[in-house]
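Chemist: The structure follows.
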Amino acid sequence: MDYAALLRAGATVVVEESPGVELRRRKQPWHRAAPYAAGASYLPFTAELPFGLWVFHLVPGEDETRAGRTWHQRICFRVPAWWALGPQGRTAAALVSRVEQATWQDVLALRRSYEKAWPTDREDSAWYDARDLAADRDRGLLKNVLIKHTEQALSRTAQRHGKRVRGFSDEQKSVTFAAVALAIADLSPDLAQRLLGPLRLALGDVHTWSVPLWATTVGT
């Protein structure tokens, strides 16, 4: 089934909810679809991980209120949560999961690897090139989402070890560069490889990491 075509045609809608929480009743219908799949300007994601995604049909209710007709959702089935994390969604979920499970030695390695990959005496415009590419190709929102989730994962790791991560620190740059790389990897593989440099030096190849179960779970 071509889910992207269904989204574009308005036949189905992908929304986000926390696992185990019933879909809320909505007053009016609207479409919330990933930009890379449907050309929409809204990327479905939740403020916290993990989350789940379901495809459902909107059904008009029999009652009306002052706000207008009520609508209900008829759930069809669950789809993989990685859909909401872009074309490299599986890898993005693996990145966030790995960062969240990092040891403090891993964090220190990320700090050191940034300087090795991006020495101060050598300029590389990869970050700015990726930012411009994301803006030009409608990936800016996806880029920001992946940065946000990765920064939060690193912050939670530091708190677990009784530490704090400063904004714009080298360890934070290492993981956010990787997040941006995954947002534009299919558009410019070479640029993505440059951005993945610090992470690869510290923790290895992100493409070999395990994808968390919440990102791939499907079913009714």
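Chemist: So is Thr208 under 17 Å from the mean Cα position of the chain (by Cα), closer than 27 Å to Pro80 by Cβ and free of Cβ contacts under 8 Å to residues at least 60 places away in the same chain or not? Working first, answer last.
Modeler: Details: under 17 Å from the mean Cα position of the chain (by Cα): no; closer than 27 Å to Pro80 by Cβ: yes; free of Cβ contacts under 8 Å to residues at least 60 places away in the same chain: yes.
When the stated conditions are applied, Thr208 does not pass them.
Here's the yes/no breakdown for (1) in a loop (DSSP other than H, G, I, E, B); (2) farther than 27 Å from Val180 by Cβ; (3) modelled with pLDDT under 70; (4) aromatic (Phe, Trp, Tyr):
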| residue | (1), (2), (3), (4) |
| --- | --- |
| Gly20 | yes, yes, yes, no |
| Ala84 | no, no, no, no |
| Ser97 | no, no, no, no |
| Glu123 | yes, no, no, no |
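Chemist: Sort out which residues of the stretch 116-141 are in contact with a Pro (Cβ under 6 Å, 6 or more places away or on another chain) and closer than 19 Å to Ser174 by Cα, and write them in order of number.
Modeler: Residues of the stretch 116-141 in contact with a Pro (Cβ under 6 Å, 6 or more places away or on another chain): 117, 138.
The answer is Ala117, and nothing else.
Chemist: Quick one: which residue in Val165, Val175 is in contact (Cβ under 8 Å) with a residue 24 or more places away in the chain, crowded, with 22+ Cβ neighbours inside 10 Å and either over 18 Å from Ala84 (Cβ atoms) or not acidic (Asp, Glu) (or both)?
Modeler: On the way: Val165 fails: crowded, with 22+ Cβ neighbours inside 10 Å.
Being in contact (Cβ under 8 Å) with a residue 24 or more places away in the chain, crowded, with 22+ Cβ neighbours inside 10 Å and either over 18 Å from Ala84 (Cβ atoms) or not acidic (Asp, Glu) (or both) holds for just one of Val165, Val175, which is Val175.
Chemist: Conditions: (1) β-branched (Val, Ile, Thr); (2) out of contact with any Lys or Arg (no Cβ under 9 Å at 6 or more places or on another chain); (3) at pLDDT 95 or above. Val145 meets all but one. Number of the miss?
Modeler: Tallying (1) β-branched (Val, Ile, Thr); (2) out of contact with any Lys or Arg (no Cβ under 9 Å at 6 or more places or on another chain); (3) at pLDDT 95 or above, Val145 fails exactly one: (3).
The values are calculated or read from the model by the stated rules, or taken from the named source; none is laboratory data. Just so it is clear, the model here is predicted, and its values are computed rather than measured. Positions of Cβ are generated from backbone atoms using ideal geometry, with glycine treated the same way; all protein chains shown enter the neighbour counts.
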